[in-house]
Amino acid sequence: MNAPMLRPATGLLVLLAISSCASAPPTTLDESLDLIRERALRSHVRWLADDERAGRMTGESGYEDSAQYVVEQFMHMGLEPAGTDGWYQQVPLRSYKAIGDTAEFVIHAEDDDLGYTYRDDFSVAADPVDASTRVRAEVVYVGYGIHAPELGYSDYEGVDVSGKIIAGFSGAPESFEGLQRAYYSSSTNKREEAVARGAIGTITLRSRKAEQRSPWDEMKARIGIRPSMTWVSETGEAARYFPELRGSVSLSPKAAEALLANAPLSYEDTLSAMEAGEVRSTPLGIEVTIARDTEHGELSSPNVIGLVRGSDPELADEYVVFTAHLDHMGVREIDGEKKIYNGAYDNAVGVALMLETARVFAAVPPRRSVLFVALTGEERGLLGSDYFVNNPVVPVESIVANVNLDMPLFLYPVADLVTFGSESTSIQPLADDAAAAEGFVFSPDPLPEETRFVRSDHYSFVRAGVPAIYLTPGFKSADDKVDGESLYRAFLDKHYHEATDDLDQPIHWDSAVRFARAHARIGYALASVDDRPAWDAGSFLGQRFATP
Ligand SMILES: [Zn+2]
């Protein structure tokens, strides 16, 4: 843990504070919305995405400094500390990393054992608890590994995976509608299904698309350089741990071909079947061994939590929770070259927007209380948010809604917004009004294959039954001469989770300000309406997540 340092930004803040005190303080939401200024947003992004923050890696000093920065901002804005230790809620974490030399993947062919090489042919998931694991079992191909009876789809029909290792693809069939596709793509949901059916290991095959986007031969240098992480409970239990799964590997296309060489269907067959959404599950008639040793470490990293107390005594014990993950991917040394993953869009921009939203609420508090939470460990598997909902600083039943900000791209003048889940809640009509007031329309998710619904922190709240809203800009550019879609896609292809997501990325600040204002309006409406937000009980998500 690093001692907080004095930093140049502090002086600038004092100036900003003085200049905004010069005019009369706002008394209405509309007046307080004008407190959201481009200059402050820029200054937060510049600070958080600076090389000095070293990519804000969970558990490292660049993250600690960033957490301290958020504390200073909250203090200046007049929020109250609402963590378990002042502004902080420390999240106890365990890191776990496979020891490369010990990793084994062996195909037991009829007359020979074929051993494969770690990194060149396969990657292996480390075990969060056990120091050494080894499993040998038959392999059953299960497509996507999805059981969705209400959609008339099951990869498990007619195959028995009890005591077996399952092999299949990540994702879900294209024919699934957006939220269902995302839900069934979730690897946690898939593991639950596999374990319930008695599976004892997993093999992940690589799709043509994944191979196109980042070929195994380029990707392999990154395998195993960073430990995985999970959070641990007070009693030392690793969260979301499936002890039944004794080994999990991902295979290079070459190793996948070998695995399926004498199977009822070839690797090519599985690729075509998965793309067509055809169920072709079958035992492969072959055994494999997966083994590896794991080294473990203990650490902790804070969520930063600030409170704006509600103005209505009747409703002040209910909470709207704003979230934005503060962590990113740190520094990596790949082939001797050191790269800083500054994470400007992911998620310095989201944190900046949340900070300026907090300023609005602090100036004119709404009826309900509002928590602003800068989350740790998002990039390591939504850890800070999962910990928060399982160890909430206020009763989880008193949390009426979550508003999440993560990697909003302002690469062009943004005209539309996309939502991930709020359309199944009573939040959506409020969001429609808020978006319209700031000149946005809503569009359907143009990238359902990205399954973003399960890939950001609002999903932790959803799983805890809390209605949530998470918005990103869509493809529509307000400037006819600018092709929003191609800029958006180019960012995902070239800069998402790359060292080039840095301060050189263009940011259309006017869009950022309007986006922040829209979120402030949504949060304010949620914190002010008489009835707390609710799930649409008949919807796919309502049926799964609404708490009675
Ligand atoms: Zn990310």
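The values are calculated or read from the model by the stated rules, or taken from the named source; none is laboratory data. Please read all numbers here as calculations on a predicted model, not as lab measurements. Neighbour counts run over all protein chains shown; Cβ positions are idealised from the backbone, glycine included. Please note that ligands, DNA and RNA were not included when accessible areas were found on the heavy atoms of the full protein model with its side chains. Shrake-Rupley method; radii C 1.70, N 1.55, O 1.52, S 1.80 Å.
Structure notes:
- Enumeration of residues in segment 474-497 that are within 16 Å of the ligand (Cβ to nearest atom) and either of a type outside the set (Ser, Thr, Tyr) or free of Cβ contacts under 8 Å to residues at least 40 places away in the same chain (or both): Phe491, Leu492, Asp493, Lys494, His495, His497
- Segment 92-103, residues that are part of a strand (DSSP E or B) and surrounded by fewer than 19 Cβ atoms within 10 Å (Cβ to Cβ): Pro92, Lys97
- In segment 498-514, the residues that are touching a residue at least 12 places away in the same chain (Cβ under 8 Å) and within 16 Å of the ligand (Cβ to nearest atom): Glu498, Ala499, Asp501, Asp502, Gln505
- A residue that is within 23 Å of Ile107 (Cα to Cα), touching a residue at least 60 places away in the same chain (Cβ under 8 Å) and of a type in the set (S, T, N, Q) occurs somewhere in segment 129-147.
- The condition (being free of Cβ contacts under 8 Å to residues at least 60 places away in the same chain, within 16 Å of the ligand (Cβ to nearest atom) and of a type in the set (Gly, Ala, Ser)) is satisfied by just one residue among Gly343, Gly384, Gly377, Gly350: Gly350.
- The set of residues from segment 416-429 being away from the ligand (no atom under 16 Å from the Cβ) and either in contact with a Phe, Trp or Tyr (Cβ under 9 Å, 6 or more places away or on another chain) or assigned to a loop (DSSP other than H, G, I, E, B) (or both) comprises Asp416, Leu417, Val418, Thr419, Gly421, Ser422, Glu423, Ser424, Thr425, Ser426, Gln428.
- Pairs meeting the criteria (first residue in segment 404-415 and outside any loop (DSSP other than H, G, I, E, B) and more than 16 Å from the ligand (Cβ to nearest atom), second residue aliphatic (A, V, I, L, M) and open to solvent by 10 Å² or more (accessible area, probe 1.4 Å), beta carbons under 9 Å, at least 6 apart or on different chains) are Val414/Ala478.
- Unique residue being more than 15 Å from the ligand (Cβ to nearest atom), open to solvent by 10 Å² or more (accessible area, probe 1.4 Å) and either polar (S, T, N, Q) or more than 16 Å from Ala468 (Cα to Cα) (or both) when the list is Ala363, Ala358: Ala363
- Taken together, the residues in segment 206-226 that are open to solvent by less than 30 Å² (accessible area, probe 1.4 Å) and within 29 Å of Gly297 (Cα to Cα) amount to 3.
- Flag if Arg332 is out of contact with any helix residue (DSSP H, G or I) (no Cβ under 7 Å at 6 or more places or on another chain), farther than 30 Å from His147 by Cα and within 16 Å of the ligand (Cβ to nearest atom): yes
- Subset of segment 115-153 [under 17 Å from Thr204 (Cα atoms), more than 27 Å from the chain's Cα centre (by Cα), part of a loop (DSSP other than H, G, I, E, B) and of a type outside the set (Val, Ile, Thr)]: Tyr116, Asp120, Asp121
- Of the residues making up segment 67-89, just one is open to solvent by 50 Å² or more (accessible area, probe 1.4 Å) and under 24 Å from the mean Cα position of the chain (by Cα), namely Thr84.
- Test: residue in segment 309-325 that is away from the ligand (no atom under 16 Å from the Cβ), open to solvent by less than 10 Å² (accessible area, probe 1.4 Å) and farther than 20 Å from Gln68 by Cβ: yes
- Qualifying residue in segment 455-463 (condition: in contact with a helix residue (DSSP H, G or I) (Cβ under 6 Å, 6 or more places away or on another chain) and within 16 Å of the ligand (Cβ to nearest atom)): yes
- Between Pro253, Pro243, the distinction of being at pLDDT 95 or above and either in contact with a strand residue (DSSP E or B) (Cβ under 7 Å, 6 or more places away or on another chain) or closer than 30 Å to Asp493 by Cβ (or both) belongs to Pro253 only.
- Residues of segment 260-277 satisfying the condition of being under 32 Å from the mean Cα position of the chain (by Cα) and either crowded, with 16+ Cβ neighbours inside 10 Å or in contact (Cβ under 8 Å) with a residue 24 or more places away in the chain (or both): Tyr267, Thr270, Leu271, Ala273, Met274, Glu275, Gly277
- Of all the criteria given as (1) in contact (Cβ under 8 Å) with a residue 60 or more places away in the chain; (2) closer than 23 Å to Ser187 by Cβ; (3) open to solvent by less than 10 Å² (accessible area, probe 1.4 Å), the one not satisfied by Ile107 is (2).
- Checked against (1) more than 27 Å from Ser170 (Cβ to Cβ); (2) touching a residue at least 60 places away in the same chain (Cβ under 8 Å); (3) touching a strand residue (DSSP E or B) at 6+ places or on another chain (Cβ under 9 Å), Ala468 meets all criteria but (1).
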